[in-house]
Structures are given as structure tokens and as C-alpha cells.
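The values are calculated or read from the model by the stated rules, or taken from the named source; none is laboratory data. Keep in mind that this is a model prediction, so the values were computed, not measured. For neighbour counting, all protein chains shown are included, and Cβ atoms are generated from backbone atoms with ideal geometry for every residue, glycine included.
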Amino acid sequence: MKWQGSLTNLLWFDSLSALTAGVVLLCFRSALADWLDLPPGLLTFQGVTNLVYASYGMSLVRRATRTFQMLRVLAFGNLAYAFLSLVMLFVYFNTSNIFGKLLFVAEILYVGGLGWVEWKFIQPMRKEPIA
């Protein structure tokens with residue numbers, strides 16, 4: 001099937017993005033917390049969440065066959081994280097600085113957009129195993 005390579009590339013891109021974000025958030029959480037006026041614990045939560053998501057995404061990259069349900073979990077994870085970022089934007093709106101607010105907006109757009117692309121990409125594949 002001609003979409004197999006595209007799906008694998010999308011999964012690589014998504015997983016490596018989450019891995020990079022998780023490592024950066026965890027390695028630089030103290031400096032980022034000061035720079036963004038956000039609690040270090042929140043950045044730790046975000047970093048760990050990104051690493052868990054990246055692990056699941058990488059497990060899908062390595063599979064020979066992927067089911068619609070497996071990919072739906074991945075897309076839903078992105079959409080749920082985007083929604084959570086929107087909630088965090090409102091919760092920390094009065095305490096974070098402009099850069100903290102921009103971090104949440106960027107996450108909403110990037111992660112939400114990626115989740116939407118994944119969701120649209122997998123819809124035609126609902127009935128068959130996906131390689």
C-alpha cells in the first residue's frame with residue numbers, strides 16, 4: 001500500500017518530536033521554569049508525558065503491523081495533550097510570562113495539528129491492519 005511509507009515517516013516525526021521535547025523539558029526544567037515563570041513540577045510532568053508518548057510512538061514505528069486502534073490511541077493522545085495545554089494556558093495565564101503563554105499556544109497548535117493530521121490520515125484505514 002502506498003501510504004505505508006508516509007505513515008512510518010509520520011510516526012517517526014511524531015515520536016522524535018515528543019522525545020526531543022521530553023528530553024529538553026527534563027534537562028532544562030529549572031532554567032525553563034525561571035524563563036517561562038512556570039512551576040518546575042509542571043515542566044517535569046510535561047517532560048515525562050512526552051517521553052511516555054514517544055515510547056508508545058516508537059513502539060508503533062517498530063511494529064510490522066499496526067491496527068487502527070493502536071494508531072487511534074496515538075492520535076487521541078496528541079489531541080488530549082493539546083486540550084490539556086489549553087487548560088494549562090488558562091490555569092497559568094496570570095502567573096506565566098509571555099514566553100510561558102507562547103509555549104502553551106505553540107503546544108496547542110503543534111500537538112493539536114499533529115493529532116488532527118494523524119486522525120485524518122488513519123480514517124480510511126479503519127477496517128484493515130496497517131503495516
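Only a single criterion out of (1) surrounded by fewer than 19 Cβ atoms within 10 Å (Cβ to Cβ); (2) in contact (Cβ under 8 Å) with a residue 40 or more places away in the chain is not satisfied by F93, namely (2).
The set of residues in the stretch 77-95 that are of a type outside the set (F, W, Y) and in contact with a helix residue (DSSP H, G or I) (Cβ under 6 Å, 6 or more places away or on another chain) comprises G77, N78, L79, A82, S85, L86, M88, L89.
Out of M70, M88, one residue alone is modelled with pLDDT under 95 and surrounded by 12 or more Cβ atoms within 10 Å (Cβ to Cβ). It is M70. The single condition among (1) at pLDDT 95 or above; (2) within 20 Å of the chain's Cα centre (by Cα) that F121 does not meet is (1). Apart from one condition, D34 fits all of (1) within 24 Å of M70 (Cβ to Cβ); (2) out of contact with any Phe, Trp or Tyr (no Cβ under 9 Å at 6 or more places or on another chain); the exception is (1). For F104, state whether it is loosely packed, with under 13 Cβ neighbours inside 10 Å, over 25 Å from T8 (Cα atoms), touching a helix residue (DSSP H, G or I) at 6+ places or on another chain (Cβ under 9 Å) and among the aromatic types (F, W, Y). In short, no. Looking at the structure I just gave you, is G47 at pLDDT 95 or above and touching an Asp or Glu at 6+ places or on another chain (Cβ under 8 Å)? So G47 fails the test. Answer yes if at least one residue in the stretch 113-125 is under 24 Å from R62 (Cβ atoms), in a helix (DSSP H, G or I) and among the basic types (K, R), and no otherwise. Checked against the condition, which is being under 24 Å from R62 (Cβ atoms), in a helix (DSSP H, G or I) and among the basic types (K, R), the stretch 113-125 yields at least one hit.
Inside the stretch 1-107, counting only helices (runs of 4 or more DSSP H) that do not spill past its ends, which hold 3 or more residues that are closer than 30 Å to K120 by Cα and over 14 Å from the mean Cα position of the chain (by Cα)?
Those helices (runs of 4 or more DSSP H) span 4-27, 40-62, 68-91.
Quick check on V52: is it surrounded by fewer than 15 Cβ atoms within 10 Å (Cβ to Cβ), among the aliphatic types (A, V, I, L, M) and closer than 26 Å to S6 by Cβ? Here the answer is yes, as V52 does meet what is asked.
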